[in-house]
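Working notes, structure below.
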Amino acid sequence: MAKYGKWIGGGLGWALGGGPIGAIIGFALGSLFDNAVDFEVLKDKTGKRTTPGDFGISLLVLTAAIMKADEKIMKSELDYVKSFFNRQFGSHYTKERILLLREILKQEFSIKDVCLQIKSHLDHSSRLQLVHYLFGIAKADGEIHNKEIELIGQMARYLGISRPDFISIKAMFVKDTSGAYLILEIDKSASEEEIKKAYRKMAVKYHPDKVSHLGEEFQKAAQEKFQSVQDAYEQIKKERGVS
């Protein structure tokens, strides 16, 4: 007898208002059902049903896209995801989400549609943090492939992230001789006053408190981003010999 769970699950995910993300997750759940995997009703760590804007679910879908970007799925990338989810959501949640991720990796889906749905549900600070997380996955195997950078850039555009913000986050992972200036979104010709103004602006934009609603682990990741801004500022001051 044919197995129809994944098709039914995908259809229900779309019909119940989950949009493209709901359809992807529904299809994955249906596939697990076809394979007789014991899987609880999709819930977040508080026990409530997830929504299309659930940050963890959004991460799963975009994680799958990044892992496939360089046409090879590395164990180091999967380990990075497991570790991150474990620290953020706990072992039980992580075990089920990794099962979902394996099924999502088998699917083809529209990056644009998924990102536009995420954009409509997540605030700007959360979307900046999402881009930071995606670069972390891309670098998990020790290097960031050009195809991964290109895909993250494409995602950032669909997520409503400006080009300067994307370049700023990219500079935190891809080293460049002018990296400190890129992180602060200024030119090397900027005056001392412009540098100070840029630093204050970026410190507010990337402050960890902006993503406190996402949980402790995301705040830790945001702290790394915030520290990169501080380090960039200190590096520029040192190069220029100013206090």
Worksheet, complete the sentence: Among residues of region 51-104 being assigned to a loop (DSSP other than H, G, I, E, B) and either of a type in the set (S, T, Y) or closer than 23 Å to G26 by Cβ (or both), the residue modelled with the lowest pLDDT is P52
Practice prompt. Identify all residues within region 175-202 that are loosely packed, with under 14 Cβ neighbours inside 10 Å, within 27 Å of K139 (Cα to Cα) and acidic (D, E); write none if there are none.
Written response: D176, D187
Practice prompt. Examine region 206-218 for a residue that is touching an Asp or Glu at 6+ places or on another chain (Cβ under 8 Å) and surrounded by 14 or more Cβ atoms within 10 Å (Cβ to Cβ), and state whether such a residue exists.
Written response: no
Worksheet item: Of (1) of a type outside the set (D, E, K, R); (2) part of a helix (DSSP H, G or I); (3) exposed (fewer than 13 other Cβ atoms within 10 Å of the Cβ), S168 satisfies all except one. Which?
Response: (3)
Worksheet item: Based on what the data block shows, is I152 under 12 Å from the mean Cα position of the chain (by Cα) and modelled with pLDDT of 90 or more?
Response: yes
Discussion item. Exactly one of these conditions fails for A138: (1) buried (at least 16 other Cβ atoms within 10 Å of the Cβ); (2) under 18 Å from the mean Cα position of the chain (by Cα); (3) more than 26 Å from E71 (Cα to Cα). Give me its number.
Written reply: (3)
Discussion item. Contact list please: Cβ distance under 9 Å, first residue in region 135-163 and over 19 Å from K175 (Cβ atoms) and free of Cβ contacts under 8 Å to residues at least 40 places away in the same chain, second residue assigned to a loop (DSSP other than H, G, I, E, B) and of a type in the set (S, T, N, Q), pairs at least six apart or on different chains.
Written reply: A156/S162
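The values are calculated or read from the model by the stated rules, or taken from the named source; none is laboratory data. It should be emphasised that the depicted structure is a prediction, and the values quoted were computed from it without experimental measurement. Positions of Cβ are generated from backbone atoms using ideal geometry, with glycine treated the same way; all protein chains shown enter the neighbour counts.
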